[in-house]
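Notes follow the structure.
The values are calculated or read from the model by the stated rules, or taken from the named source; none is laboratory data. These numbers were taken from a predicted model, which means no experiment stands behind them. Cβ coordinates were reconstructed from backbone atoms using ideal geometry, including for glycine residues, and neighbour counts include every protein chain displayed. Side chains included, ligands, DNA and RNA excluded: accessible areas come from the protein's heavy atoms. Shrake-Rupley method; radii C 1.70, N 1.55, O 1.52, S 1.80 Å.
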Amino acid sequence: MRTLLLLCILATAAAGKWMNGRPPGGLVNAPFHLNSRAETTQFPGQILSNFSQKFNHFDPLDTRRWDQRMYYNPIHADRNLASGQDIVFLMIGGEGREPAKWSGDDNVMVMQYAKQFGATVFDLEHRFFGDSRPINDMKTSSLKYLTTEQALADLAYFITSMNKEHGFQNPKWFTFGGSYPGALCAMFRSKYPELTAGAVCSSAPLILSLDFYRSFEYLKKKLDFFTLSFQKNLGCDELIRQSFDTMQQLSLTADGRKTLSQKLRLDPPFDSKTTKADINNLFANLYDAHQGMIQYTYDGSSDKTKYYATAEQLCRIYNQDQDMLDNVWDHLAWYNQYWNGVNITSFPNSYADAIKDISETDYDILGDGGNEARGWMWLCCNEMGWLQTTDTDTIFGSTLPMKF
């Protein structure tokens with residue numbers, strides 16, 4: 001269990017907290033800053049309300065209900081465009097607070113399709129995230145109801161209920177989702193094929209795997225697209241590999257750890273009480289900061305991922321003619337400035353603080369970021385896996401093995 005916990009444990013890069021490769025704000029919503037709980041911004045035609053959802057779909061004797069947050073937007077509904085039918089789109093919420101944009105902003109794909117095909121749009125927040133709380137705490141005894149099976153059943157009950165409430169006649173429902181919601185989107189199409197006519201499931205990991213080492217292989221392949229003129233005729237991937245190999249060697253000795261503390265401005269610095277968990281926590285933090293800039297490059301979500309927080313910019317930083325650890329620090333500073341909007345002077349690196357944060361069970365103390373991190377950890381460790389390790393030949397060395 002300790003291995004699973006440490007691999008799942010959140011990595012903290014200044015203001016942004018990551019969990020097992022999941023960026024702050026969620027996989028789909030990154031790199032946007034988290035919406036505040038008080039946000040009320042809505043779009044034309046959009047209605048924010050609550051849906052009375054079943055607590056436990058698999059116990060017919062359990063009659064408990066809870067309020068599930070939902071958006072409804074019929075602004076583009078047009079039966080003439082839809083050939084006399086009711087076409088309905090459902091955006092599937094993921095591991096975070098569901099923002100208004102997916103069912104209101106005409107610049108996003110779902111709304112563009114709705115306008116083209118005359119569709120009504122719904123967006124359903126995922127149970128246990130945002131304001132959608134079946135139980136008002138995140139104790140493990142409560143989280144047993146946070147499963148993909150319950151989430152899929154939520155969607156099924158929602159669709160049948162909306163058909164009755166809105167009088168849809170022989171409607172054609174289409175589900176949408178990206179990343180984890182993309183996986184739910186595909187699972188739903190398979191498990192409840194009678195409820196939908198189709199699905200758009202983007203970047204959807206479908207094969208559950210405890211040791212998800214292939215994620216590192218994908219990051220290396222993405223770096224191969226950049227044909228800059230690099231130092232010593234080394235590609236970007238090799239410059240990163242050399243840096244991680246060097247840092248891993250330094251982590252093995254007291255003097256080396258002192259160098260890492262100074263060069264990377266670690267807070268707290270490594271000392272005589274440093275444990276293997278502290279060291280692995282550092283490499284998890286470093287990896288996540290690299291992953292963010294590589295994975296979301298040119299994803300179309302914002303100018304950040306188009307111009308600033310990109311794999312190309314990462315490579316330019318690593319190609320600077322200076323000490324490689326200075327390049328690592330420059331990357332951390334750049335990443336936090338353009339991803340998190342924070343100018344850092346040190347690099348938070350407390351494993352104890354990470355454990356303390358993720359052990360909290362009170363929603364109000366956790367806040368959105370903590371709620372999302374704890375919920376995502378539970379989903380990965382309890383059901384899905386997707387633990388990102390270096391158990392293959394990676395540019396990040398062997399810094400995050402499955403067993404350590």
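Among the numbered conditions (1) within 18 Å of the chain's Cα centre (by Cα); (2) modelled with pLDDT of 90 or more; (3) among the aliphatic types (A, V, I, L, M); (4) loosely packed, with under 15 Cβ neighbours inside 10 Å, tell me where residue 207 comes up short.
(2)
Exactly one condition in (1) touching a His at 6+ places or on another chain (Cβ under 6 Å); (2) open to solvent by 40 Å² or more (accessible area, probe 1.4 Å) is not met by residue 133; state its number.
For residue 133, the failing item is (1).
If the Cβ limit is 8 Å and pairs must be 6+ apart or interchain, which residue in region 291-314 that is of a type in the set (Lys, Arg) pairs with which residue that is open to solvent by 10 Å² or more (accessible area, probe 1.4 Å)?
That search, which allows pairs on different chains as well, returns 304/338; 306/298; 306/300.
Among the numbered criteria (1) under 16 Å from residue 156 (Cα atoms); (2) open to solvent by 80 Å² or more (accessible area, probe 1.4 Å), which single criterion is violated by residue 89?
Status for residue 89: all satisfied but (2).
Looking at region 331-350 only, could you name the residues that are farther than 14 Å from residue 285 by Cβ and in a loop (DSSP other than H, G, I, E, B)?
Once the filter is applied, which keeps residues that are farther than 14 Å from residue 285 by Cβ and in a loop (DSSP other than H, G, I, E, B), region 331-350 yields 341, 342, 343, 345.
Do you know which residues across region 66-86 are surrounded by fewer than 17 Cβ atoms within 10 Å (Cβ to Cβ), closer than 18 Å to residue 158 by Cβ and over 28 Å from the mean Cα position of the chain (by Cα)?
The one that is surrounded by fewer than 17 Cβ atoms within 10 Å (Cβ to Cβ), closer than 18 Å to residue 158 by Cβ and over 28 Å from the mean Cα position of the chain (by Cα): 74.
Taking the residues in region 352-375 that are touching a residue at least 24 places away in the same chain (Cβ under 8 Å) and of a type in the set (Ser, Thr, Tyr) as candidates, determine which candidate is surrounded by the fewest Cβ atoms within 10 Å (Cβ to Cβ).
Only one residue fits best here, namely 361.
If the Cβ limit is 9 Å and pairs must be 6+ apart or interchain, which residue in region 257-281 that is at positive phi pairs with which residue that is assigned to a loop (DSSP other than H, G, I, E, B) and open to solvent by 20 Å² or more (accessible area, probe 1.4 Å)?
Listed pairs, sorted by first residue: 265/344; 265/345; 265/346.
Any residue at all in region 351-372 that's within 21 Å of the chain's Cα centre (by Cα), among the hydrophobic types (A, V, I, L, M, F, W, C), over 20 Å from residue 184 (Cα atoms) and assigned to a loop (DSSP other than H, G, I, E, B)?
So far as region 351-372 goes, no, none of its residues is within 21 Å of the chain's Cα centre (by Cα), among the hydrophobic types (A, V, I, L, M, F, W, C), over 20 Å from residue 184 (Cα atoms) and assigned to a loop (DSSP other than H, G, I, E, B).
Taking the stated definitions as given, is residue 307 more than 20 Å from residue 269 (Cβ to Cβ) and either open to solvent by 40 Å² or more (accessible area, probe 1.4 Å) or in contact with a Pro (Cβ under 6 Å, 6 or more places away or on another chain) (or both)?
yes
Taking region 310-330 as the search range and keeping residues that are open to solvent by 60 Å² or more (accessible area, probe 1.4 Å) and assigned to a loop (DSSP other than H, G, I, E, B), which one is farthest from residue 283 (Cα to Cα)?
Here the answer is 321.
Name the single residue that is most open to solvent (accessible area, probe 1.4 Å) among those in region 189-204 being of a type outside the set (A, V, I, L, M, F, W, C) and at pLDDT 95 or above.
194
Can you list the strands (runs of 3 or more DSSP E) lying wholly within region 6-125 that have 2 or more residues being more than 17 Å from residue 175 (Cβ to Cβ) and either at pLDDT 95 or above or not aliphatic (A, V, I, L, M) (or both)?
In region 6-125, the matching strands (runs of 3 or more DSSP E) lie at 16-19, 47-54, 65-73.
For region 72-87, which residues satisfy the criterion of being more than 20 Å from residue 43 (Cβ to Cβ) and in contact with a Gly (Cβ under 8 Å, 6 or more places away or on another chain)?
79, 80, 82, listed by residue number.
Can residue 157 be described as over 30 Å from residue 285 (Cβ atoms), among the aromatic types (Phe, Trp, Tyr) and open to solvent by less than 70 Å² (accessible area, probe 1.4 Å)?
yes
With respect to the numbered conditions (1) open to solvent by 20 Å² or more (accessible area, probe 1.4 Å); (2) modelled with pLDDT of 95 or more; (3) within 30 Å of residue 297 (Cα to Cα), which one is the sole condition not fulfilled by residue 259?
In the conditions (1) open to solvent by 20 Å² or more (accessible area, probe 1.4 Å); (2) modelled with pLDDT of 95 or more; (3) within 30 Å of residue 297 (Cα to Cα), residue 259 misses (3) alone.
Evaluate region 348-361: report whether one residue or more is in contact with a Ser or Thr (Cβ under 9 Å, 6 or more places away or on another chain) and within 13 Å of residue 143 (Cβ to Cβ).
yes
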